[in-house]
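Asks: Below: one structure in structure tokens.
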Amino acid sequence: MDVIEVLPGLRMLRFPVGSAYLWRDGSEVTLIDTGTADCAAQIEEALDGELRRIVLTHWHEDHTGSAAELADRHGAQVVAHRLEAPVIQGRTAGAPPVLEEFEVAIRAALPPLPAAPPCRVDREVEDGDLLEFGGGAVVVAVPGHTDGSIALHLPGPKVLFTGDAVANVGRTMMGVFNTDRVRAVDSLHRLAGLEVETAVFGHGEPVTRGASAALRQAAAATVR
């Protein structure tokens, strides 16, 4: 795991597959996504405060894998969208992606991921809900990757956590492996309308300056 200081108080934890993020408010830490099921110990090494909450952008194994272990060990509140909660809790299966032609080879080249153990969800959120970190983090519903995918917008510091709705691998672009392309494109356009200076992604490098312009360019280049 690589630990990257994106901003004062914001750390990126980069794993072999995907990334998670630590946001610090004083002595309290919020973890956005948790990597795969073998990442808990590495995440704990990077903690620089008390883990108060874990926000899961969607149910996929590379985002929720270590959530249960960390939540139980630290007593952290687990937050997820209402539509993702049943999958994260292990009560139902998530819908598989509808692969585009170019995605088939990408998917085949990925290593198998360990299953994510079921995890409790303490708070189910909806679009527009406010979370108590970063001066007020706004939940932005971004369906398309999964039905209940969320992004998190921090208007004060102008930071955006996109989850897998957007990626930045070589260029800023819509994320891959979506269940509904039309909704995913709409979600990308919605994020491109936010005032953002820094954007961080489930996959790819952070954009630390002028993120709104990068998002707008990605939206303009993406057709339904």
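The values are calculated or read from the model by the stated rules, or taken from the named source; none is laboratory data. Everything numeric here is computed off the predicted structure, so don't read it as measured data. So basically every Cβ, Gly included, is an ideal-geometry build from the backbone, and we count neighbours across all protein chains shown. For the accessible areas, the whole protein counts, side chains as well, though only heavy atoms, and no ligand, DNA or RNA atoms are used. Shrake-Rupley method; radii C 1.70, N 1.55, O 1.52, S 1.80 Å.
Asks: Does residue 16 fit the bill of being in contact (Cβ under 8 Å) with a residue 40 or more places away in the chain, surrounded by fewer than 23 Cβ atoms within 10 Å (Cβ to Cβ) and not small (Gly, Ala, Ser)?
Replies: Working: in contact (Cβ under 8 Å) with a residue 40 or more places away in the chain: yes; surrounded by fewer than 23 Cβ atoms within 10 Å (Cβ to Cβ): yes; not small (Gly, Ala, Ser): yes.
Here the answer is yes, as residue 16 does meet what is asked.
Asks: Checking residue 59 against (1) open to solvent by 50 Å² or more (accessible area, probe 1.4 Å); (2) in contact (Cβ under 8 Å) with a residue 12 or more places away in the chain; (3) under 20 Å from the mean Cα position of the chain (by Cα), only one condition comes out false. Which one?
Replies: (1)
Asks: Still on this model: For residue 184, only one of the following conditions fails: (1) touching a strand residue (DSSP E or B) at 6+ places or on another chain (Cβ under 8 Å); (2) open to solvent by less than 30 Å² (accessible area, probe 1.4 Å); (3) within 21 Å of residue 157 (Cβ to Cβ). What is its number?
Replies: If we test residue 184 against (1) touching a strand residue (DSSP E or B) at 6+ places or on another chain (Cβ under 8 Å); (2) open to solvent by less than 30 Å² (accessible area, probe 1.4 Å); (3) within 21 Å of residue 157 (Cβ to Cβ), just (3) comes out false.
Asks: Now a separate question. Picking from 99, 152, 131, which residue would you name as being touching a residue at least 60 places away in the same chain (Cβ under 8 Å), of a type in the set (A, V, I, L, M) and surrounded by fewer than 18 Cβ atoms within 10 Å (Cβ to Cβ)?
Replies: Numbers: 152 fails: surrounded by fewer than 18 Cβ atoms within 10 Å (Cβ to Cβ); 131 fails: surrounded by fewer than 18 Cβ atoms within 10 Å (Cβ to Cβ).
Matching residue, one of 99, 152, 131: 99.
Asks: Tell me, which strands (runs of 3 or more DSSP E) lie completely within the range 1-109 with 3 or more residues that are at pLDDT 95 or above, farther than 18 Å from residue 159 by Cβ and of a type in the set (Ser, Thr, Tyr)? Step through it out loud before you land on a result.
Replies: Numbers: elements: 2-7, 10-14, 19-25, 28-32, 50-55, 77-81.
Ranges flagged: none.
Asks: Out of curiosity, is residue 34 open to solvent by 60 Å² or more (accessible area, probe 1.4 Å) and either closer than 17 Å to residue 204 by Cβ or without any contact (Cβ under 8 Å) to a residue 40 or more places away in the chain (or both)?
Replies: Details: open to solvent by 60 Å² or more (accessible area, probe 1.4 Å): no; either closer than 17 Å to residue 204 by Cβ or without any contact (Cβ under 8 Å) to a residue 40 or more places away in the chain (or both): yes.
Considered against the rule, which asks whether it is open to solvent by 60 Å² or more (accessible area, probe 1.4 Å) and either closer than 17 Å to residue 204 by Cβ or without any contact (Cβ under 8 Å) to a residue 40 or more places away in the chain (or both), residue 34 comes out as no.
Asks: Can I ask one more? Return the only residue of 27, 66 being within 20 Å of residue 149 (Cβ to Cβ) and among the small types (Gly, Ala, Ser). Write out each step before concluding.
Replies: Working: 27 fails: within 20 Å of residue 149 (Cβ to Cβ).
So the residue among 27, 66 that is within 20 Å of residue 149 (Cβ to Cβ) and among the small types (Gly, Ala, Ser) is 66.
Asks: While we're here: Of all residues in the range 155-173, count the ones that are open to solvent by 20 Å² or more (accessible area, probe 1.4 Å) and aliphatic (A, V, I, L, M).
Replies: Adding up the residues that qualify gives 2.
Asks: If you check 188, 154, which single one turns out to be under 20 Å from residue 80 (Cβ atoms) and at pLDDT 95 or above? Lay out the reasoning, then the answer.
Replies: Working: 188 fails: under 20 Å from residue 80 (Cβ atoms).
Testing whether each residue is under 20 Å from residue 80 (Cβ atoms) and at pLDDT 95 or above leaves just 154.
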